[in-house]
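Contents: one structure, followed by commentary.
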Amino acid sequence: TQLLEQSPQFLSIQEGENLTVYCNSSSVFSSLQWYRQEPGEGPVLLVTVVTGGEVKKLKRLTFQFGDARKDSSLHITAAQPGDTGLYLCAVKLGSYQLTFGKGTKLSVIP
Amino acid sequence: DAGVTQSPTHLIKTRGQQVTLRCSPISGHKSVSWYQQVLGQGPQFIFQYYEKEERGRGNFPDRFSARQFPNYSSELNVNALLLGDSALYLCASSLERGSFNTEAFFGQGTRLTVV
């Protein structure tokens, strides 16, 4: 059983469109992270959310942590080809281990 | 400053062989973690080393081992390679062992193909 379920698994959209991807779990977490991984690279941290209901914005990206701290969403406004990549959510278990979802593979077509 | 560097970037091995992957953390970072990312999946935790000692191990067989050197660089060894070991192996470094807000910085990975 996957601790973090991400949806959709694949998403292909036209440049300029908006999109939302989701990260869901039945467990409660003290914090949750979002990463973006481009082909041939390692994941890069985008944001950490820690408070239930928290909303964080990073330029055209909006991250929300669910009120119950079991789920999170990432909304991208006016997607650009540079947003193409694998979006991963992750939680820290214990003091050292990051557990990732399977990711959402986003393709933004020019 | 250089980021996390991993070598080699690509590697092809035959079933049953052994492989050693290398990682140099960001200068000043004492914690190194290894992850395996199979195609279509998110990274899976293998090991964490902090101050040259193993601090955590994921659900991987004993064929996987690692060590950290006095300069905090690290090696991941995999023995008796199986086809299923084909994956991207990622190294991540961080300042501290695992405090709440410690950010992990990932290298670009080593793409291992077992044939």
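Given the stretch A:33-105, what strands (runs of 3 or more DSSP E) lie entirely inside it while holding 2 or more residues that are at the interface with chain B (Cβ under 8 Å from one of its Cβ atoms), open to solvent by less than 30 Å² (accessible area, probe 1.4 Å) and touching a Phe, Trp or Tyr at 6+ places or on another chain (Cβ under 9 Å)?
Those strands (runs of 3 or more DSSP E) span A:85-93, A:97-100.
Does at least one position in the stretch A:72-80 carry a residue that is among the hydrophobic types (A, V, I, L, M, F, W, C) and within 30 Å of residue B:8 (Cβ to Cβ)?
Taking every residue of the stretch A:72-80 in turn, none turns out to be among the hydrophobic types (A, V, I, L, M, F, W, C) and within 30 Å of residue B:8 (Cβ to Cβ).
Could you please find all residues in the stretch B:9-23 being farther than 20 Å from residue B:62 by Cβ and within 14 Å of chain A (Cβ to nearest Cβ)?
Of everything in the stretch B:9-23, those that are farther than 20 Å from residue B:62 by Cβ and within 14 Å of chain A (Cβ to nearest Cβ) turn out to be B:9, B:10, B:23.
Determine whether residue B:81 is under 19 Å from residue A:41 (Cβ atoms) and buried (at least 16 other Cβ atoms within 10 Å of the Cβ).
Here the answer is no, as residue B:81 does not meet what is asked.
What do you reckon, is residue A:2 of a type in the set (S, T, N, Q) and part of a strand (DSSP E or B)?
no
Restricting the first residue to the stretch B:13-31 and requiring it to be in contact (Cβ under 8 Å) with a residue 12 or more places away in the chain, which pairs with a second residue that is surrounded by fewer than 13 Cβ atoms within 10 Å (Cβ to Cβ) and β-branched (Val, Ile, Thr) meet a Cβ separation below 7 Å and a spacing of at least six or different chains?
B:14/B:115
Could you please find all residues in the stretch B:48-64 being buried (at least 16 other Cβ atoms within 10 Å of the Cβ), at pLDDT 95 or above and either in a strand (DSSP E or B) or of a type in the set (Lys, Arg) (or both)?
The one that is buried (at least 16 other Cβ atoms within 10 Å of the Cβ), at pLDDT 95 or above and either in a strand (DSSP E or B) or of a type in the set (Lys, Arg) (or both): B:64.
Conditions (1) out of contact with any Cys (no Cβ under 9 Å at 6 or more places or on another chain); (2) touching a residue at least 40 places away in the same chain (Cβ under 8 Å), marked per residue:
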residue	(1), (2)
B:42	no, no
B:50	yes, yes
B:54	yes, no
B:80	yes, yes
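The values are calculated or read from the model by the stated rules, or taken from the named source; none is laboratory data. Note that the structure is predicted; figures quoted are calculated from it, not measured. Virtual Cβ from ideal backbone geometry, glycine too; neighbours counted across all protein chains shown. Areas reflect the complete protein model, heavy atoms only, side chains present, ligands, DNA and RNA absent. Shrake-Rupley method; radii C 1.70, N 1.55, O 1.52, S 1.80 Å.
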